[in-house]
Amino acid sequence: MSEARIPFSLKAGEKLYSSAVWPGLVLEWRREHLLLEFPAEAEGLSSAVYGGGMVRLKRAVNQFVSRDYECSNPVRDMEIKLREWGYPLEGCAGLMTAVPLEHAAVAEEDTGSAGIFCCVTAASGNAARAGVERSVLAAYRPGTINIMLGIDGRLTPSAMVNAVMTAAEAKAAALADLGVTDPENGLIATGTTTDAVLLAVSGSGRYGAEHVYAGTATDLGGAIGRLVYAAVTASLRSAKAAQPVKPSALASGQDPEPVAIAPEQPASMSAPAEAAASQRGKGSQ
């Protein structure tokens, strides 16, 4: 069973998270962004708006922007911020999110053949379902579900692509189990319109194995799925718990929050079982 936690508490001054499975990997809450610093240059694969693709990575940032961010040139804007923060442009990937960064969730697991770190910032305001006709965006928008995966181990390039596929499947599963729907059609959402994913692989041989697959039938893929599922769930719950209740919702008697669970409660793979039990209970009433 994988559990996720919300590692940052600004009131308590908790702004630094050190990985328990990838020695030297550090995630830090800083002004306007999260900084994920790798202990050594890593192999990267991402859809990051800045520094995306297949690249060598030294660090990654997840920048917070307001919901009304004017995003005509996000690459330029990210480069300006990286210079302002004092980070070298080379070896850096940059993502953007409108989710307050204190709602970032972290989950980790050591499988015995790799150490896996996962950080997610998530909200579902622009939830969408893939595979149906819907409105499209004319320009870039900051990511709503951003997944940053770090794997201390060795993966082939095809296994890295497989790992990203598994992460996307787990994200969709979490949204389905939480009942998140596409507001345009009422169907279960598979993501949001602006999701992004980043994968960094150390290439370390300390586990003595090279992974050539990362699907759900493998130890590596199974762990990736569990961690992404748990972190997406935890971040969504944290963000939703912090949202103010609209007076109109109270007046109408509607439930304003589809997922009303306090952020300090751990998210785990028990969620589907709980959902199934709930449905069975409703059927017996």
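For segment 7-30, the candidate set comprises residues that are open to solvent by 50 Å² or more (accessible area, probe 1.4 Å) and touching a residue at least 60 places away in the same chain (Cβ under 8 Å); within that set, the residue that is farthest from ARG206 (Cα to Cα) is LEU10.
Can THR181 be described as under 22 Å from ALA234 (Cβ atoms), within 14 Å of the chain's Cα centre (by Cα) and among the hydroxyl-bearing types (Ser, Thr, Tyr)? In short, no. Just one of the listed residues (ALA231, ALA223) is touching a residue at least 40 places away in the same chain (Cβ under 8 Å), outside any strand (DSSP E or B), touching a helix residue (DSSP H, G or I) at 6+ places or on another chain (Cβ under 9 Å) and of a type in the set (A, V, I, L, M), namely ALA231.
Which residues, counting only those in segment 19-41, are farther than 22 Å from LEU236 by Cα and not aromatic (Phe, Trp, Tyr)? Result: ALA20, VAL21, PRO23, GLY24, LEU25, VAL26, GLU37, PRO39, ALA40, GLU41.
Each residue in segment 31-81 was checked for being more than 18 Å from the chain's Cα centre (by Cα), within 13 Å of THR97 (Cα to Cα), of a type outside the set (A, V, I, L, M, F, W, C) and open to solvent by less than 40 Å² (accessible area, probe 1.4 Å), and 1 pass. For first residues located in segment 161-177 and closer than 16 Å to CYS119 by Cβ and modelled with pLDDT of 95 or more, partners that are open to solvent by less than 30 Å² (accessible area, probe 1.4 Å) and among the aromatic types (Phe, Trp, Tyr) and lie 6+ apart or on another chain with Cβ distances below 9 Å form the pairs ALA170/TYR229; LYS171/TYR229; ALA174/TYR229. Screening the candidates ALA98, ALA4, ALA107 for the property of being among the hydrophobic types (A, V, I, L, M, F, W, C), touching a Leu at 6+ places or on another chain (Cβ under 6 Å) and touching a residue at least 12 places away in the same chain (Cβ under 8 Å) yields one hit, ALA107.
The values are calculated or read from the model by the stated rules, or taken from the named source; none is laboratory data. Because the structure is predicted, anything quoted here is derived from the model rather than measured. Counting neighbours? That spans all protein chains shown, and the Cβs are built from the backbone with ideal geometry, glycine included. These accessible areas exclude ligands, DNA and RNA; they are computed on the full protein's heavy atoms, side chains included. Shrake-Rupley method; radii C 1.70, N 1.55, O 1.52, S 1.80 Å.
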